[in-house]
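Colleague: Have a look at the structure that comes next, please.
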Amino acid sequence: MRLLKSAALAIGICLSLNTAFFIPCSAADRPESISAGAAVPQPARPDGIAEVQKERLRAPDGKVRLALTLAGGGARGAAHIGVLKVLDEEGIRPDFIAGCSMGALIGSLYAAGLSGRDIERLALSGQLRKAFFPMPLPLKSVLYFPQYWLCRMAAIHPDIGIYSGKSLARFMEKHLPPNVRNIEDTKIPIAVTATNLVDTRSVWLTKGNIAEAVRASCAVPLLYRPVAKNGASLVDGGIRENLPTQVAQAAGAPIVLAVKLHSFLQKVPKKEFDTNFDLADRLSSIFMADIESCAVAGADIIIEPQVEYLKLRSFQTVELQKAIAAGEEAARASLPQLKRLLKTEATASLPVTNQ
């Protein structure tokens, strides 16, 4: 029991230290804005990672009208499922999706052809929780830390991360449609954000293996191991771009719909963060809220599910159901504004005829 407590303390400290990676956005970090129809720029990209196929960033009639941006936020991202269910019910289909971390995972499944209800069934079945935590965190840390320190004492440099993250990739591979393996194969064009630890910049993944892209976007430093690709060391996209509205803007979408997960950080009693895990959760939430606040200017409509009660690492079925319901409620509240903008955009795009 003492060993379990020590391991839990160690991982709690690691997660708390992880917040040091979260760097508020600045103008210098942002890619140059471009006009509609141009290729999507990469804020920073090692050669070969994500050369955008700009011809895919178009609706069937050749124009992107609605881009959907899904923020990262661990288990809070279940709210995205509720948003997607409402869009499905209303027959509103995004022409482009940009997702970070949990938003990347859910957005990729949706872009590949799964419905909001399909993704809901996966989340509530417990498979999503097992993808992130294939072994209970205290037990996994008990096994990891002694092995890690033995390697270090032997001058061996192991990959840093409690979990490999391979279970996330396997989850994606299992549940993607048979004909979808790469990002280029999705029915709806999608971009997944990650962060390159080598140069500390944001990376937009728009081609290549979709399961590995999602794994990289969800790789919380110290908890999951980085994904190596073409000289880059890719980790959680939320470190730099938790609400990737810049990607949606770069795709040339006149309407950007953003689902923001950290709008309701309310005052709580100290007992709510009196453990290492809860303190790490609180600190991460504060940093992600700050990063998201930098991105809201790039959205035309912001959906803000109230999921502040949910811990980032909590995947209990009852709590996920509440998050999904919160997403549905917030999406329905935004429907009138969204429909007005879509109608206005559709009218503006009609060809002008000479009388």
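Read the figures in this text as sums done on the coordinates, not as results from a lab. These numbers come from a predicted model, not from an experiment. Positions of Cβ are backbone-derived with ideal geometry, glycine not excepted, and every protein chain shown enters the neighbour counts.
Colleague: For segment 68-165, what is the Kirkwood estimate of the hydrodynamic radius, computed as the reciprocal of the mean inverse distance between distinct Cα atoms, to one decimal in Å? Display every interim value, and only then the final one.
Modeller: Working: mean 1/r = 0.0646 Å⁻¹.
Result for segment 68-165, one decimal place: 15.5 Å.
Colleague: Oh, and also: State the number of lysine pairs found in segment 152-231 whose Cα atoms come within less than 17 Å, restricting to pairs 8 or more positions apart or on distinct chains. Display every interim value, and only then the final one.
Modeller: Working: LYS166/LYS174; LYS166/LYS229; LYS187/LYS207; LYS207/LYS229.
Lysine pair count for segment 152-231: 4.
Colleague: I'd like the FRET efficiency for GLU329 and LYS174, computed as 1/(1 + (r/R0)^6) with the beta carbon distance as r and R0 of 30 Å, rounded to 0.05. Mind showing how you got there, number by number?
Modeller: Details: r = 31 Å, r/R0 = 1.02.
Computed FRET efficiency for GLU329 and LYS174 comes out at 0.45.
Colleague: Can I ask one more? Using bins 10 angstrom wide from zero, how does P(r) for segment 152-229 break down, in % of all Cα pairs?
Modeller: 18, 45, 27, 8, 2
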